[in-house]
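Notes follow the structure.
No lab work stands behind these numbers, since they all come straight from the coordinates. What you see is a predicted model, and the numbers here were worked out from it, not measured in a lab. Every residue, glycine as well, gets a Cβ built from its backbone with ideal geometry; the counts of neighbours run over all protein chains shown.
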Ligand code: SF4
Ligand code: SF4
């Protein structure tokens, strides 16, 4: 790996970032964040946000209290549990009360568990201080472009200052907020991973530039994920018949810009995944079941 030693140390017991650790440590996501503040053309609101999770699945939405209860039940039953992430089904920072109530309770009741969050970045600069206060270990930002013209083809609108803003103007604000959030986190020593969704004909050529910019600003990892454009996940409604990348196209781009030595084993987990990487024991910890535990 080409990671600096200081960062490697911090991710070596992290199941998502260390090939080694993913056999020994477990992670879970809780879905406490229903709302979103932007529209991605590839999103179908019936399913989980693509920031961090596998498209086309629906996670069990929990209240903060339920999420804390579930996390403690999982930690008691899966001793390898080391990482808790909030990843959907919408954007965690578009639901700050629910997200931070969950983090606050967990940092008090389960201080050994590392906390992480994924976001589209629009509200990130406003919440950096609070993320630091809750000792968030790492943040994932989904950045699909650094050029507003490209962004306008990906994001039909954002919700900003109580208004809906469209087109290039919206994309410009989103990009500015994402980059500012990235810089603020890096400045404060928080690990930042960037996810990008590869959309053929829209941002595929552009993602190399994205990779260059975000690495220069200090993101420690760039993870390129394929657009999954199956009809049952809804269409990419900016473009009729938008396809996802072929395996060969994805690999070629990943070879150019992903830190694949680290992310090759990312499974695009569900927003309510539980367990070791590659397994999902969520069904053992449904709300109904945790009521009968403890
Ligand atoms: Fe959907 Fe996530 Fe995009 Fe929001 S950020 S529109 S939830 S994919
Ligand atoms: Fe780790 Fe990827 Fe799953 Fe997130 S989606 S928990 S980074 S494997």
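Numbers at a glance
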item	result
Length released on extending from residue 104 to residue 248, taking residue separation times 0.36 nm less the Cα-Cα span	47.5 nm
Scaled radius of gyration (Cα, divided by 2.2 N^0.38 Å) that segment 29-150 gives	1.04
When segment 123-258 is reduced to its Cα atoms, the Kirkwood hydrodynamic radius in Å	15.7 Å
Highest-MSF residue in the chain out of 30, 139, 58 [GNM, Cα springs under 10 Å]	58
The chain: mean projected area of Cα convex hull, nm²	14.0 nm²
Within the chain, percent of DSSP bridges classed antiparallel, to nearest 5	25 percent
Extended-chain gain in nm, criterion 0.36 nm per residue less alpha-carbon gap, residue 187 and residue 288	32.1 nm
In degrees, nearest ten, helix 64-77 long axis to first principal axis of the chain (Cα)	60 degrees
Extension reserve of the residue 228-residue 161 stretch, reckoned as 0.36 nm per residue once the Cα distance is removed	21.0 nm
Length-normalised contact order of the chain in % [C-alpha pairs under 8 Å, at least 6 apart]	24 percent
Three principal axis lengths of segment 143-192 [C-alpha, angstrom, descending]	33, 24, 11
Degrees, to the nearest 10: 247-257 long Cα axis against longest axis of the chain	90 degrees
Degrees separating the helix 96-109 axis from the principal Cα axis of the chain, which is the longest one	30 degrees
Residue exposure sequence - 283, 206 - by fewest surrounding Cβ within 10 Å	283, 206
Value of Rg/Rh across segment 122-166 [Cα atoms, Kirkwood radius]	1.07
Fewest-first sequence of 126, 147, 112, 137 by Cβ atoms within 10 Å of each Cβ	112, 126, 147, 137
Efficiency of FRET between residue 281 and residue 169 - r from beta-carbon atoms, R0 30 angstrom, step 0.05	0.10
